[in-house]
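Working notes, structure below.
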Amino acid sequence: MREISATWWRSPEGMKNLGDEITPILLRDYFNVGFFKTSVMKADLLSTGSILSWAYSRPKWPKNRQELYVIGSGFMRPEPISDEKHANLDFLRLISVRGHLTRHMLGKYGEGLSLGDPGLLSSLLYRKRPEKKFTAGVIPHHSNVDNPDFLDLFSEFDNYKIIDFRTDDYTSVFEEMLSCDIIISQSLHGLIISDSFGIPNAWLDNGKLHAGGEFKFHDYFSSIDRPFSKKIETNKKVKISDVDSAIFESEQLKITSIQNDIVGAFNSFFQKV
């Protein structure tokens, strides 16, 4: 198999966000395939993250473009895809998407697609189970890691750890997460990775972080039958009672089934390139 060209989000300044780095991590350390990063205009693969709109928002594409495969990606916001939008994308090959909401947006083009965010493969990458050290791990959105107002929300907590996702060092982050009894996450992939490992977790939804609002969360939740309403919704200091009512524990048989679908989607892609 030739070297794969893949695309994923990274800030213009080069900041890495663990959730968006899942694609290269999986290609390198789980599937053991050669790859390099490129723009969506030249990529073979578009996968983890709310980046499916990258394929549909370009007005022009190079002629005779090679096939672009989609595995586990999703939309950032509701974005129904018309026949007209799809007409110029004869090179697009949809294998799987993140959740039911994205699949619904694709209409007839989403029929029969398997579901699953590739971040759910995290537990297959890291088998160690470190000792529990913290009552809670708090994962801010990458824009809030250094925000004192956000950090102050947890000032009444004892023995908690802030976990910084601005990295691609997944082994260190996974170890930190697994050393916590529960995870409270503002980051979507903080929840996804927790669900992969079976760590009880709570979604902190305390304000609109981007134009898509709750859509990407609900999209992922729909794939694992996670209630949309189970969350901490506050801009005041977080109390233990807030967390207790918002905790979700994933059904590991369901997670394993989705993991098998995701691995199957990647293997299908590898056979085609």
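Miscellaneous remarks
Residues are listed down the side, and each one gets a yes or a no for (1) within 23 Å of residue 51 (Cα to Cα); (2) crowded, with 23+ Cβ neighbours inside 10 Å; (3) not charged (D, E, K, R):
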site: 127; (1), (2), (3): no, no, no
site: 135; (1), (2), (3): no, no, yes
site: 140; (1), (2), (3): yes, yes, yes
site: 144; (1), (2), (3): yes, no, yes
site: 148; (1), (2), (3): no, no, yes
site: 154; (1), (2), (3): no, no, yes
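- When residue 181 is tested against the conditions (1) surrounded by 15 or more Cβ atoms within 10 Å (Cβ to Cβ); (2) in contact with a strand residue (DSSP E or B) (Cβ under 7 Å, 6 or more places away or on another chain); (3) within 23 Å of residue 159 (Cα to Cα), the lone failure is (1).
- Residue check, residue 99 surrounded by fewer than 16 Cβ atoms within 10 Å (Cβ to Cβ) and either within 24 Å of residue 259 (Cα to Cα) or not β-branched (Val, Ile, Thr) (or both): no
- Filter pass, residue 256 being assigned to a loop (DSSP other than H, G, I, E, B) and of a type in the set (Val, Ile, Thr): no
- Count of the range 26-50 residues, restricted to those that are surrounded by fewer than 21 Cβ atoms within 10 Å (Cβ to Cβ) and under 13 Å from the mean Cα position of the chain (by Cα), is 0.
One line per residue, one yes/no per condition, for (1) at pLDDT below 95; (2) outside the structural domain of residue 48 (by TED's automatic domain parsing); (3) out of contact with any Gly (no Cβ under 7 Å at 6 or more places or on another chain):
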residue	(1), (2), (3)
70	no, no, yes
82	yes, no, yes
93	no, no, yes
111	no, no, yes
146	yes, yes, yes
155	yes, yes, yes
163	no, yes, no
167	no, yes, yes
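The values are calculated or read from the model by the stated rules, or taken from the named source; none is laboratory data. Bear in mind the structure is a predicted one, so any value in this text is a computation, not a measurement. Virtual Cβ from ideal backbone geometry, glycine too; neighbours counted across all protein chains shown.
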